[in-house]
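Written out below as structure tokens is the structure these notes cover.
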Amino acid sequence: DPENQAISWSLIGAPAFVTRVGNQLQLLSAGLNYEAATSHNFTIRATDTGGLVHDTTFTLYVGNVNESPYNIRDVDGAHGGAVTEGVGGYTGIQVQADDPEGSGTLSYSISGGNASGWFSINATTGQIYASSAIDRENATYVTSGQITLSVTATDNANPALSVSRSDVVVTIANVNEA
């Protein structure tokens, strides 16, 4: 101020995550989300004791960070699927997850419960398949006619992030082998 008058300042139109603390601006990270808005505009108004006002508008640009996929689920129906022992094929389970970045490029894998090697997953679609070697009576792998698999969805970022769930149940229908 040319007259050396005291200057006060205020925020105008600032988003909720831009706050004033004393004579400083603070950003609260909770409101920053690149997928919602890549930039935010706000104005700082300076007013001297003589009533003169000057506004300056600022643009805050938000950088993107990779966020983990989430909400992995069975999209083909009820929780779990079924297959008949000795008969391979699609189990009726298709897992899918959401990617906050919206890229839609996730890959799927079986990350646990498949020590028998009886199951495979289509890495692109998330559909789970069974081989014809399934033996319901094999107590090493089968409990009460079911096998519980863990599946993982991984994004294509570097570094890659993933989400898993460990409760994908495949029921194995019995075949009378007598």
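Tabulated data for the structure shown
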item: Counted charge near residue 35, where neighbours are those whose Cβ lies closer than 13 Å (Asp, Glu -1; Lys, Arg +1); result: -4
item: Sequence ranges 24-35, 61-72, 128-139, ranked by mean other-Cβ count within 10 angstrom, highest first; result: 128-139, 61-72, 24-35
item: Phi to ³J(HN,Hα) by Karplus 6.51 cos²θ - 1.76 cosθ + 1.60 over the range 18-28, Hz, x for Gly, Pro; result: 9, 10, 9, 10, x, 9, 10, 8, 10, 9, 9
item: Charge sum, other residues only, whose C-beta stays under 9 Å from residue 173's C-beta, Lys/Arg counted +1 and Asp/Glu -1; result: 0
item: Charge dipole magnitude, Cβ of K and R +1, D and E -1 - the range 1-152, Cα centre, debye nearest 20; result: 140
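Read-outs: derived from the displayed coordinates by stated rules, not from any lab. Just so it is clear, the structure is predicted and the values come from calculations on it, not from any experiment. With ideal geometry, Cβ positions are generated from the backbone for all residues, glycine too; neighbour counts draw on all protein chains shown.
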